[in-house]
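Notes follow the structure.
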Amino acid sequence: QQLWSKVLANEANAPGMYSRRTVNILADLDKSDAELFVQLCGFCWVIGNGAPLIFDAQADIYTRNGINFNSLIQLESLGLIQFQTGPGQFTLLKLPKKITVSYFERQVELVFPADYENTIEVGEVLFTRAGQELSRICSSKPVDGFFEYVYDRWASQSLVPKLGSVTPV
């Protein structure tokens, strides 16, 4: 109901803000599907347009927060995400030397080894257009420990300093 009310209010103020497909998907969502999508959005970092960083759907940080293989298959079947179930991960390409990313209100500067043409893995999940549109209005909350989980991953790749040695931006 909250998603519907936000979409309708936004469409009244700015017609065409949402694609017809997004409105149709939203009409088909039941309460449990909407709650699952909001849970997934708790793992979203703003890197470009924003993406849920699901590096391993079987990892404890995800499963204890309701995100697992079956829940991701369900969201994919609804048309909200693409889920890479085989080997490999989705990757952002052609990044500059430095980019600023954020997780809710916390910002981090990533520093890549090359001056340009850098890449970064963003995990097993990408939003579809409908998922991207709905993720902006779903009122998700940050997942406890997820900032540190992702930060540690990037520190192990030397993209950021180890936590504790420098305070994130």
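Residue under question is Ala57, and the condition is that it be within 15 Å of the chain's Cα centre (by Cα), in a loop (DSSP other than H, G, I, E, B) and more than 24 Å from Thr22 (Cα to Cα); does it hold? It is true that Ala57 is within 15 Å of the chain's Cα centre (by Cα), in a loop (DSSP other than H, G, I, E, B) and more than 24 Å from Thr22 (Cα to Cα).
Here is a list of conditions, (1) closer than 28 Å to Ser71 by Cβ; (2) open to solvent by 20 Å² or more (accessible area, probe 1.4 Å); (3) of a type in the set (Ser, Thr, Tyr), and Tyr116 meets all of them except one; can you say which number that is? So Tyr116 meets the others, but not (1). Condition check for Lys98 on (1) surrounded by 13 or more Cβ atoms within 10 Å (Cβ to Cβ); (2) at pLDDT 95 or above; (3) more than 14 Å from Leu40 (Cα to Cα): one failure, at (1).
Do you know which residues across the range 39-64 are farther than 16 Å from Ser135 by Cα and surrounded by 17 or more Cβ atoms within 10 Å (Cβ to Cβ)?
So the first thing to find is which residues in the range 39-64 are farther than 16 Å from Ser135 by Cα, and the list is 55-64.
Correct list: Phe55, Ala57, Ile61, Tyr62.
Before we move on, is Val122 of a type in the set (Val, Ile, Thr), surrounded by 13 or more Cβ atoms within 10 Å (Cβ to Cβ) and closer than 18 Å to Leu72 by Cα? Explain how you work it out, then say what you get.
On the way: of a type in the set (Val, Ile, Thr): yes; surrounded by 13 or more Cβ atoms within 10 Å (Cβ to Cβ): yes; closer than 18 Å to Leu72 by Cα: yes.
Considered against the rule, which asks whether it is of a type in the set (Val, Ile, Thr), surrounded by 13 or more Cβ atoms within 10 Å (Cβ to Cβ) and closer than 18 Å to Leu72 by Cα, Val122 comes out as yes.
Quick one: which residue in Ser158, Ser140 is modelled with pLDDT of 90 or more, in contact with a helix residue (DSSP H, G or I) (Cβ under 7 Å, 6 or more places away or on another chain) and among the polar types (S, T, N, Q)?
On the way: Ser158 fails: in contact with a helix residue (DSSP H, G or I) (Cβ under 7 Å, 6 or more places away or on another chain).
From the options Ser158, Ser140, the qualifying one is Ser140.
Within the range 27-35, does at least one residue satisfy the condition of being at pLDDT below 95, closer than 30 Å to Thr119 by Cβ and either surrounded by 13 or more Cβ atoms within 10 Å (Cβ to Cβ) or out of contact with any Leu (no Cβ under 9 Å at 6 or more places or on another chain) (or both)? Looking through the range 27-35, none of the residues is at pLDDT below 95, closer than 30 Å to Thr119 by Cβ and either surrounded by 13 or more Cβ atoms within 10 Å (Cβ to Cβ) or out of contact with any Leu (no Cβ under 9 Å at 6 or more places or on another chain) (or both). Quick check: anything in the range 138-157 open to solvent by 70 Å² or more (accessible area, probe 1.4 Å), over 23 Å from Phe69 (Cα atoms), within 20 Å of the chain's Cα centre (by Cα) and among the basic types (Lys, Arg)? Within the range 138-157, none of the residues are open to solvent by 70 Å² or more (accessible area, probe 1.4 Å), over 23 Å from Phe69 (Cα atoms), within 20 Å of the chain's Cα centre (by Cα) and among the basic types (Lys, Arg). Residues in the range 65-93 that are open to solvent by 80 Å² or more (accessible area, probe 1.4 Å) and either at pLDDT 95 or above or out of contact with any Asp or Glu (no Cβ under 9 Å at 6 or more places or on another chain) (or both): Phe69, Asn70, Ser77, Gln82, Pro87.
The values are calculated or read from the model by the stated rules, or taken from the named source; none is laboratory data. Computed from a predicted model, the values in this text were never measured in an experiment. All Cβ positions, even for glycine, are placed from backbone atoms using ideal geometry, and neighbour counts span all protein chains on display. Protein only, heavy atoms only, side chains kept; ligands, DNA and RNA dropped before computing areas. Shrake-Rupley method; radii C 1.70, N 1.55, O 1.52, S 1.80 Å.
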